[in-house]
1. Those residues that are modelled with pLDDT under 95 and closer than 15 Å to Val94 by Cα, I need them from segment 145-167; list them, please.
2. Looking only at residues that are in a strand (DSSP E or B) and polar (S, T, N, Q) in segment 132-167, which one is nearest to Ile52 (Cα to Cα)?
3. Quick check on this structure: which one of Leu81, Leu97 is closer than 17 Å to Val137 by Cα and modelled with pLDDT of 95 or more?
4. Can you tell me which residue in segment 73-112 is farthest from Val55 (Cα to Cα), limited to those that are touching a helix residue (DSSP H, G or I) at 6+ places or on another chain (Cβ under 9 Å) and β-branched (Val, Ile, Thr)?
5. Pairs needed: first member in segment 143-167, over 23 Å from Asp120 (Cα atoms) and among the hydroxyl-bearing types (Ser, Thr, Tyr); second member anywhere, at pLDDT 95 or above and loosely packed, with under 11 Cβ neighbours inside 10 Å; C-beta distance under 9 Å; at least 6 residues apart or different chains.
6. Among the candidates Gly58, Gly75, which residue alone is surrounded by fewer than 16 Cβ atoms within 10 Å (Cβ to Cβ) and on the phi > 0 side of the Ramachandran plot?
7. Show the residue pairs that are 6+ apart or on different chains and have beta-carbon atoms under 9 Å apart, the first residue being within segment 19-37 and loosely packed, with under 13 Cβ neighbours inside 10 Å, the second being among the charged types (D, E, K, R).
8. Taking segment 103-143 as the search range and keeping residues that are of a type in the set (S, T, N, Q) and touching a Ser or Thr at 6+ places or on another chain (Cβ under 8 Å), which one is surrounded by the fewest Cβ atoms within 10 Å (Cβ to Cβ)?
Amino acid sequence: MSDIERTRTVTWQDPAGIGKAAFSMSGAAFLRAIAERKLPPPPIANLMGFDIEEVGEGRVVFAVEPQEYHYNPIGMVHGGLAATLLDSAMGCAVHSLLPEGRGYTTLEIKVNYVRALKHDTGRVRAIGKVIHLGGKVATAEGSLIDSAGKLYAHGTTTCLLSDLSRR
């Protein structure tokens, strides 16, 4: 066991500004602005070290390189990283299809873990794709894969759609 202490400093910008931007842009434009660093990333992205890699219509890709600071007590990346990436990719895939003034919240998420992530896995991508977009509910699916296409986790989500202007 190593007694070498490690540290990590996390900084972020006030999320209120990005929240206001979500009201005034289509979902795809909003997500592209974050991906292109025209808007700051949300605090969770800085905390966990992930980025939006691609934004399409009904498809969004998040990416991260698993690190030691993602580890659980048994020496593997905590499943919460995969769940967070999949929740983000699937939810944002839904958001990418929404017009200005509309938003979503996750109602349900199901994640299946296929194999463990470790700090030497390399960069992994969470690919979210919309399955159904209705007036009040949307569903999406996602996969977490490495650069060789090896599957680490997959999932589905149900999202509740809302009118952000009524908040």
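The values are calculated or read from the model by the stated rules, or taken from the named source; none is laboratory data. Note that the coordinates shown come from a computational prediction; the quantities given were computed from them, not determined experimentally. Heads up, the Cβs are rebuilt from the backbone with ideal geometry, glycines too, and the neighbour counts pull from every protein chain shown.
1. Listed by number, the residues that qualify are Ser162, Asp163, Leu164.
2. The residue in question is Ser143.
3. Being closer than 17 Å to Val137 by Cα and modelled with pLDDT of 95 or more holds for just one of Leu81, Leu97, which is Leu97.
4. Taking the candidates together, the pick is Val77.
5. Thr156/Glu108; Thr157/Glu108; Thr158/Glu108; Ser162/Thr105; Ser162/Lys136
6. Details: Gly58 fails: surrounded by fewer than 16 Cβ atoms within 10 Å (Cβ to Cβ).
From the options Gly58, Gly75, the qualifying one is Gly75.
7. Sorted first by the residue in segment 19-37, then by its partner, the pairs are Ser24/Glu100.
8. Thr105
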